[in-house]
Each structure stands twice: as C-alpha cells, then as structure tokens.
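Down below is the structure, laid out as structure tokens.
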C-alpha cells in the first residue's frame, strides 16, 4: 500500500489540500486577516488535527507563492539585463 492509501484508511486525509482554488483562497484570506483570533476559533471548532492540517496547507500555499514570485522576478531581471546590456 502506498502512503495516501494508508492515510485515507486512518481517516486523516487533509480536506484543505483538496479544496478548489477559489474556496481555499477565501478560507486563506479570512484566516490571515483575522489571524490570532482565527487560529483560536479553528482550534476550538475543528480540533487540533484539522487546525494543524489547515495551517500546514496555508504554509504550503505561502511557500509556493514565494517560490513562484522568486521565479518570475528572476525571469524579469534576466530579460531586463539581456535587453539593457545589448544597448551598450
């Protein structure tokens, strides 16, 4: 059995990683705009395991966004450097 099958058998699958883009974006926005309070409310309403899964999904999304911004910035800097250096 692979790891995903074992996790699903245990009932610990992460519903936040399977959300659609718009739905997860909405949850993420509400969570970050009301951060300290939202963490407490999530912990009380959903429990420790689901809160941990939500925070893990949010951090994963944040790191992906940072990586994508870094790649785009590198490409833009390369293109600017390439065209500006050809002028001299």
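Points worth noting:
- For the pair residue 85 and residue 60 in one chain, pulling the backbone fully straight at 0.36 nm per residue adds 5.3 nm over the alpha carbon distance.
- Solution diffusion estimate, µm²/s, Stokes-Einstein, region 20-85, Kirkwood Rh from C-alpha pairs, 37 °C, viscosity 0.692 mPa s: 235
- Separation of the residue 52 and residue 74 label points, Cα + 7 Å toward Cβ, nm: 3.3
- Value of [θ]222 nm, deg cm²/dmol, for the chain, DSSP H segments ≥ 4, -39500 (n - 2.57) each, nearest 500: -29000 deg cm²/dmol
Every read-out reported here was derived from the displayed coordinates using simple, explicitly stated rules and does not represent laboratory data. Please read these numbers as outputs of a predicted model, since none were measured by experiment. Don't worry about glycine lacking a Cβ; one is built from the backbone with ideal geometry, like all the others, and counts go over all protein chains shown.
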